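Reviewing the structure listed below.
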Amino acid sequence: MAGMRLLVGVKRVIDYAVKIRVKPDRTGVVTDGVKHSMNPFCEIAVEEAVRLKEKKHANEVVVVSCGPQQCQETIRTALAMGADRGIHVEVTGKDYETLGPLQVSKIMAALAKKEEADLILLGKQAIDGDWNQTGQMTAALLDWPQGTFASEVKIEDKKLTVTREVDGGLETISLKLPAVVTSDLRLNEPRYATLPNIMKAKKKKIDKISPKELGVDVSSKLQTLSVEDPPQRTAGVKVENAEQLVNKLKEIGRI
Ligand code: AMP
């Protein structure tokens, strides 16, 4: 369907290669001075949106990131991959600390209406909070159909066919537009931004807006009680041969 507008959510998260450290007061994880990047599943969502535009199914790809000023870097990365313009929904301080799937979903739903979007593409999950809820909640708030964990997306006259990665196989569903789709790992391989495209992206527009201007209340009913490191693995014992192994296992009552 030509003329479609795609809305893509891109979250700025701690880079997947960083070793996460818990803050000494156990209120969260250390983020200061830590490398951040676009959530990998969001990169896949952006790639899919850009491909849909290249195949002439859409004529505009709008990327949205909710959070502090640095989110504009994440938006720029998406613009360099081929998105057309960005919306930075500024959320800072205490509101940013408690920003979760429900708050982001309310923002995405409000923007979908404001921008008259035909399709919302999100990652299936953000690798920091591991919620896996924003796509589902956004679809529920808008009362739009959802195709989650997509490994293939096809568009044919106002209808969307989504292949989903489910336990034990693949499920193919047909959805009416407008709809929400969340990307799984095998949907595509995101492109790297080329230098000319990075330069071009600098000229693309990023609008800044507050949740309040969208009529969204970002207060949260969730309270983090404690953040802990995963339990340390206890050291193993080396044995010289099979006989010693059998004896050790007998000693600890495993055989
Ligand atoms: P989650 O439900 O938190 O696991 O996140 C799933 C997806 O929702 C992400 O891959 C993003 O596409 C979108 N999303 C979550 N948080 C944000 C955010 N702060 N800004 C933009 N998109 C977000």
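Other residues within the sphere of radius under 12 Å centred on the Cβ of Cys66, judged by their own Cβ, net out at +2 (K and R +1, D and E -1). The alpha carbon gyration tensor of segment 29-147 gives principal lengths a ≥ b ≥ c with a/c of 1.5 or higher and a/b no greater than b/c, which makes the shape oblate. In terms of its Cα atoms, segment 96-255 spans 70, 40, 40 Å along the principal axes, sorted from long to short. A simple spin-label model places the labels of Glu115 and Ala17 3.0 nm from each other, with each point 7 Å out along Cα-to-Cβ. What segment 104-223 shows is 59 Å² of accessible area per residue, with the surface traced by a 1.4 Å probe over protein heavy atoms.
Phi angles across segment 214-231 convert, under the Karplus curve 6.51 cos²θ - 1.76 cosθ + 1.60 with θ = phi - 60°, into 3J(HN,Hα) values of 8, x, 10, 8, 9, 5, 10, 9, 9, 10, 7, 7, 6, 10, 10, 5, x, x Hz, Gly and Pro given as x.
Neighbours of His57, meaning other residues whose beta-carbon lies under 12 angstrom from its beta-carbon, give a summed charge of +2 when Lys and Arg score +1 and Asp and Glu score -1.
Which entries of Lys124/Lys212; Lys56/Lys203; Lys113/Lys204; Lys55/Lys202; Lys19/Lys113 have Cα-Cα distances beyond 30 Å here? Over 30 Å apart, Cα to Cα: Lys19/Lys113. Around Val34, with a cut-off of 13 angstrom between Cβ atoms, what is the net charge of the other residues, counting Lys and Arg +1 and Asp and Glu -1? Cβ neighbours under 13 Å give a net charge of +2. If a spin label sat at a point 7 angstrom from the Cα of Lys94 along the line to its beta carbon, the backbone N atoms of segment 20-44 nearer than 18 Å would be those of 27-28.
Shown in residue order for segment 237-242 are the 3J(HN,Hα) couplings computed by the Karplus curve 6.51 cos²θ - 1.76 cosθ + 1.60 at θ = phi - 60°: 10, 8, 10, 7, 8, 5 Hz (x for Gly and Pro). Note on the chain: with charges restricted to the Cβ of Lys and Arg (+1) and Asp and Glu (-1), its dipole about the Cα centre is near 520 debye. Ligands, DNA and RNA left out, the accessible area of segment 153-255 computed with a 1.4 Å probe is 52% carbon and sulfur. Extension gain, Glu171 to Asp130, is 12.5 nm, computed as 0.36 nm per intervening residue step minus the present C-alpha separation. Report summary: the helix-based calculation at 222 nm, which adds -39500 (n - 2.57) for every DSSP H run with n ≥ 4 and divides by the residues of the chain, gives -8000 deg cm²/dmol.
The values are calculated or read from the model by the stated rules, or taken from the named source; none is laboratory data. Note that the coordinates shown come from a computational prediction; the quantities given were computed from them, not determined experimentally. Backbone-built Cβ (ideal geometry, glycine too); neighbour counts: all protein chains shown. For the accessible areas, the whole protein counts, side chains as well, though only heavy atoms, and no ligand, DNA or RNA atoms are used. Shrake-Rupley method; radii C 1.70, N 1.55, O 1.52, S 1.80 Å.
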